[in-house]
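Notes follow once the structure below has been shown.
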Amino acid sequence: MGEQPVRVLVVDDEPQIRRFLRTSLGAYHYQVAEAARGEEAIAKTATDRPDILVLDLGLPDVDGLDVIRRIREWSSIPIIVLSVRDRETDKIQALDYGADDYVTKPFSMGELLARIRATLRHRLRGETDQPVYHNGALTVDLARRLVTIDGREVRLAPKEYEILRTLVVHSGKVMTHQQLLRQVWGLGYENETHYLRVHIGQLRQKIEADPAQPRYIITEPGVGYRLRDPEDNRAPER
Amino acid sequence: MTEHDDSERRPSPDALLSMAQQEQRGRLKVFLGAAPGVGKTYAMLEAAQVRRREGIDVVIGVVETHGRQETEALLEGLEVIPRQRIEYKGHALTEMNLDAILARRPKLVLVDELAHTNAPGSRHPKRYQDVEEILAAAIDVYTTVNIQHLESLNDVVAQITGIRVAERIPDRLLDRADEIELIDLSPDELLQRLREGKVYVPEQAEKAVRNYFRPGNLTALRELSLRRTAQRVDDQMRTYMHAHAIPGPWPTQDRIMACVSAGPGSERLVRSSKIRADRRHAEWLAVYVETPAHYRRSEAERDRIAQTLRLAEQLGGEAAVIPGENVAEELVRYAKSRNVTELMIGKSSRPRWREILSGSIVNNLIRLSGNIDVYVITDEGKQASLPATRPSPRHLDAYVWSAVAVSVAALVARVLDDVLTLPNLSMIFLAAVLLSATIWGLGPSIFASILSILVYDFFFVEPTFTLTVASPQDVFALVMLLIVAILTSNLAGRVRDQARAARRREARTNVLYEFSREMAASAGLDNVLRAIAKDLHESQGMDVAVFLPRGTTLDLSAIQPTDAIVDAQARAAATWTWQHSEATGSGTDTLPGVNWLFLPMQAAQTTVGVLGLRVEKGKTIAPDQRRLLVAMANQGAVAIERAELAAVMEETRVLAETERLRTAMLSSISHDLRTPLATISGATETLLDMDAEYTPEEQRDLLETIQEEAARLNRFVGNLLDMTRLESGALELNCDWVEIGDVIGAALGREASFLANYRLDVDVEPRLPMLHLDFVLMEQVLVNLLDNAAKFSPPGTTIHLSAQKAGKMVQVDVMDEGPGIPLEDLKRIFDKFHRVRGGDRRSAGTGLGLSICQGIVEAHGGAIEASNRAEGGALFRITLPVNGGPPKMRQELDGG
């Protein structure tokens, strides 16, 4: 991150949420701009060129999904979606339209900050340039295709390694089932989620200390998986 | 008699009621004439013109002017309802348009020629029935009729004029008319008018004068009309005096009973009884005794009996059928039970020999009648008597078989001739007679008796092979044999008939019993309807349809067989039945052309529906079957009413339950929303208080409280939303192949913070099959169960979570080490808003969580149950089905 403060555009029609985010994000040295409506958000994104968008899906004028779609026509600005719980299809659709991540309302500040940091990090770096990934006891050497837990090598099947590698490359970010399936198995496998579940299960057996309570590969119910960032030490709460 | 006087002085309720009913109905005025041509139509039109000038809304339903100019002139200014065209066998006939009149709703309608018979295909066969419907619609009617058309005078008129009138109207029309105007014209004047061509065109008039308009006839008819009108005036006065409690010289309460038989004179008997009853202002009834022999009668005879009884009802009498063995005894017993003062019976038409054998009913009746007067009416004999019942082929068989029996007896007697004496041989013949009596009935057995005598005489009595008898002893033996044989035949035959009648009655009772049992066993309206249709179809062999009213229309609610067709005309008949609570269709007076019979299904208070039975073209429903059907229709009605009542009660119960839930929900919401809100606002206020000073620890403690309460609020709102979605059916399962271990992991991860104070023991059996379920919802179930476990067990204890295979199911157990579930709550623990009382412990939760768990698990085809563990604490067990497993992967799993 550079010297310049990161500029966040918060788009939400609820003044309380905007006020709370302005205060909280400000405390973490983010520079916050606000928009209450979809059209306003699109206009401000064009004129102010913020670094990241925190977007509520339920807007009074334009649907949040439409806002994503229209912005994505000309901009690759990172977008984190705020949504009410239990609308998994909305989340998936938002991610499909090009949103980078999502946070479910009500959310904890820690969770939102973790998402913002992870998203920005990937944006600034592009694809990871660090060949070795460290996360607690887990180390993944992408150049040598070597996975170790506490220094002991873990032997992974090719598909398991592919899944882990994809998650590592996008560490901290949610990967939808479809994204993972497309990455690892290729086109045409997007609906075979049980492939994914079987391999994730095996992967967890190999790298998690307690597969029933995973620390690394977190299930995002109804959406996909996320490799928990080392810095994201708070439990996601909903 | 003082008691009697008391009751006379009070206004009689019946009289008041009948006056009140007349007020709601339209008023009927009859212009009564003695013969055609007296000027009834003219008088009616004149009266109508007067009413029109008074400003009354008068229309003409139908008026026949017969081309008379002076009559036609009177039509001026009166609106005519156009007649209806009815196609019948290629002819276009016009009839009064009943529906147009009912739709037009005038105050007064003119309907000429009341006794007219409508064209086939009209709603009613008779015009007077149209008039009754108009009156029922509260429209006044002026009508005309000649005295000869009156049902009760039919025989008298036929006697006077020698012409039997086919178009007849029931007396009740005249009895119930509000006004009768007698159009009187002396016979001389009438004949004058005839000759002037004012009545018929000349050549017709010539013929008419010769046949009908003889001065003698006219005088007699005129007298009949005058007498009938006078009687009517008398009746009106009596009704008035009754209604106003004016004591008067009432005649004694006579009651006349007509004893109906199968003979052709019975209709005449009924009419005479009616006239006699009217003259004496007496009540009257017609009674038929149904003996076992009734079932031997032909269909035509049985039909005629039923028609006679219906005639009695049409004439205002009461009709009754009583079962019994001895006609005279039953008649007298019934007459005494009903305080009958006069018995009327027709002269016997039975052959003399039968009267000698079984006694004359008339004689017996007179002997038994005691102080009841008995009037014997002559049989005119003019009415076509029914063709004598020829022995049917089956009967002929019976005679042949009787002959065979006698032949066998003769053969046996021949063989035993040497061993037995002559009188003993006769026993063998008696056996044959007895046999034919028991099997084939009276006729064949008498035939067998006579045949036996002849054979016995011919073959066995000296001199043999002749019919002569030598010794006086043998004569005696022969005569004795004949007497014994005939007596035996008679007795055995009667026993057999009784047994048959009993079987018939029993069969009928059985059908009814089976039907009512079926009705009682059916729960729910749909089942009852199906049972009615199916049972009737099976027991009666007819197509059956059941109609129930829905709003203002009548809906076909059940039909058997399901491909039976009820056409539009039949539907119209069914609707009429429903509206008027009267039978329509085949064999009735209304829409008889329809090949269905519709019966109103009458329960205690109302007509709940209409029962339809398809009658094959050309067939009729026998009276006993019809009675059975009416009974079944009414039994079905009671069952339908019961089912409808049950549905209403169920609705009420559901409403009460909904009400209870709403109350519970309101208290739950107000409690569960307000408690965390109070904590949050209190804690925030404390923190914002500038004056107070708090240590950082205290501040943190308050803030953590706020955070926890906010999370709790969030869970509650989430539960409310889930419940709403579950209840509105908006919950859609988004199923996917999932490892249950993954779900458990996600749930534990999500709730890590509130499980912080508990030890967790997770035990997931390896290699569990994948389950097809909604990940998010199942995770919610586990979170709710974990939440529940944490709430009900003290901190520091262990919460156990396990998953294992059990047969074709996977079980997930959530166990705590708390106090367990009170027994009284075990059953209701999954009920909405049910809370287990936590005593002085902290809030026992929303009462929604477990109910949601149940909803979700059951939506997955699984089950959830609560129990207490032997070692203490509660156990919640979810059982989920393994649905085969996921589709095979398209490539081999990579080894690892």
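The values are calculated or read from the model by the stated rules, or taken from the named source; none is laboratory data. Being a predicted model, the structure only gives us computed values, none of them experimental. Reconstructed Cβ throughout: ideal geometry from the backbone, glycine too, with neighbour counts over all protein chains shown.
For the reader, a short list of remarks on this structure follows.
- Among the residues of segment A:59-85, those identified as away from chain B (no Cβ under 14 Å), over 20 Å from A:Pro15 (Cβ atoms) and not aliphatic (A, V, I, L, M) are A:Asp63, A:Asp66, A:Arg69, A:Arg70, A:Arg72, A:Glu73, A:Trp74, A:Ser75, A:Ser76, A:Pro78.
- Among the residues of this structure, B:Asp691 does not count as one that is more than 14 Å from chain A (Cβ to nearest Cβ), without any contact (Cβ under 8 Å) to a residue 24 or more places away in the chain, among the acidic types (Asp, Glu) and in a helix (DSSP H, G or I).
Residue-wise test of (1) part of a strand (DSSP E or B); (2) surrounded by 17 or more Cβ atoms within 10 Å (Cβ to Cβ); (3) in contact (Cβ under 8 Å) with a residue 12 or more places away in the chain.
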| position | (1), (2), (3) |
| --- | --- |
| B:Glu582 | no, no, yes |
| B:Thr588 | no, yes, no |
| B:Leu591 | no, yes, yes |
| B:Val594 | no, yes, yes |
| B:Leu597 | yes, yes, yes |
| B:Ala604 | no, no, yes |
| B:Gly609 | yes, yes, yes |
| B:Lys617 | no, no, yes |
| B:Thr620 | no, no, yes |
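- Scanning segment B:722-763 for residues that are part of a helix (DSSP H, G or I) and facing chain A (nearest Cβ under 7 Å), we see that the one that is farthest from A:Phe107 (Cα to Cα) is B:Gly741.
- Some residue of segment A:93-104 being within 14 Å of chain B (Cβ to nearest Cβ), among the aromatic types (Phe, Trp, Tyr) and more than 16 Å from A:Arg228 (Cα to Cα): no
- The test for being away from every other protein chain (no Cβ under 14 Å), closer than 16 Å to A:Ile218 by Cβ and of a type in the set (Val, Ile, Thr) does not hold for A:Val174.
- Residue match in segment A:164-171 (condition: over 16 Å from B:Val743 (Cα atoms) and within 8 Å of another protein chain (Cβ to nearest Cβ)): no
- Residue check for A:Gly38: more than 22 Å from A:Gly172 (Cβ to Cβ) and buried (at least 18 other Cβ atoms within 10 Å of the Cβ): yes
- Residues located in segment B:415-437, provided they are modelled with pLDDT under 80 and under 29 Å from B:Arg296 (Cα atoms): none
- Per-region count, segment B:783-796, residues within 14 Å of another protein chain (Cβ to nearest Cβ) and either β-branched (Val, Ile, Thr) or crowded, with 24+ Cβ neighbours inside 10 Å (or both): 3
- Total residues in segment B:426-438, condition buried (at least 18 other Cβ atoms within 10 Å of the Cβ) and touching a Lys or Arg at 6+ places or on another chain (Cβ under 9 Å): 1
- If you filter segment B:71-91 down to residues that are touching a helix residue (DSSP H, G or I) at 6+ places or on another chain (Cβ under 9 Å) and surrounded by 15 or more Cβ atoms within 10 Å (Cβ to Cβ), you find that the one that is farthest from B:Arg25 (Cα to Cα) is B:Thr71.
- Scanning segment B:81-139 for residues that are on the phi < 0 side of the Ramachandran plot, in a loop (DSSP other than H, G, I, E, B) and not hydrophobic (A, V, I, L, M, F, W, C) yields a total of 13.
- Total residues in segment B:144-173 satisfying the condition of being surrounded by 20 or more Cβ atoms within 10 Å (Cβ to Cβ), of a type in the set (A, V, I, L, M) and not in a strand (DSSP E or B): the figure is 4.
- Residue within segment A:69-80 that is of a type in the set (Asp, Glu) and closer than 16 Å to A:Val103 by Cα present: no
- Residue within segment A:137-156 that is out of contact with any helix residue (DSSP H, G or I) (no Cβ under 8 Å at 6 or more places or on another chain), under 30 Å from B:Gly884 (Cα atoms) and either within 14 Å of chain B (Cβ to nearest Cβ) or crowded, with 22+ Cβ neighbours inside 10 Å (or both) present: no
- When restricted to residues that are more than 21 Å from A:Ala157 (Cβ to Cβ) and more than 9 Å from every other protein chain (Cβ to nearest Cβ), segment A:191-214 contains 1.
- Just one of (1) closer than 30 Å to B:Ala158 by Cα; (2) in a helix (DSSP H, G or I); (3) modelled with pLDDT of 90 or more fails for B:Lys29. It is (2).
- Out of B:Leu150, B:Leu191, one residue alone is among the aliphatic types (A, V, I, L, M), closer than 28 Å to B:Val109 by Cα and modelled with pLDDT of 80 or more. It is B:Leu150.
- Residue satisfying all of: in segment B:702-758; among the β-branched types (Val, Ile, Thr) and under 59 Å from the mean Cα position of the chain (by Cα); modelled with the highest pLDDT among these: B:Val738
- Given (1) in a helix (DSSP H, G or I); (2) at pLDDT below 85, index of the condition A:Thr128 fails: (1)
- Residue check, A:Glu88 over 27 Å from A:Tyr30 (Cβ atoms) and within 14 Å of another protein chain (Cβ to nearest Cβ): yes
- Across segment B:483-542, the qualifying residues are those that are at pLDDT below 85 and part of a loop (DSSP other than H, G, I, E, B), and the one among them that is nearest to B:Pro444 (Cα to Cα) is B:Gly541.
- Test for B:Thr94: is it touching a helix residue (DSSP H, G or I) at 6+ places or on another chain (Cβ under 6 Å) and farther than 20 Å from B:Gly26 by Cβ: no
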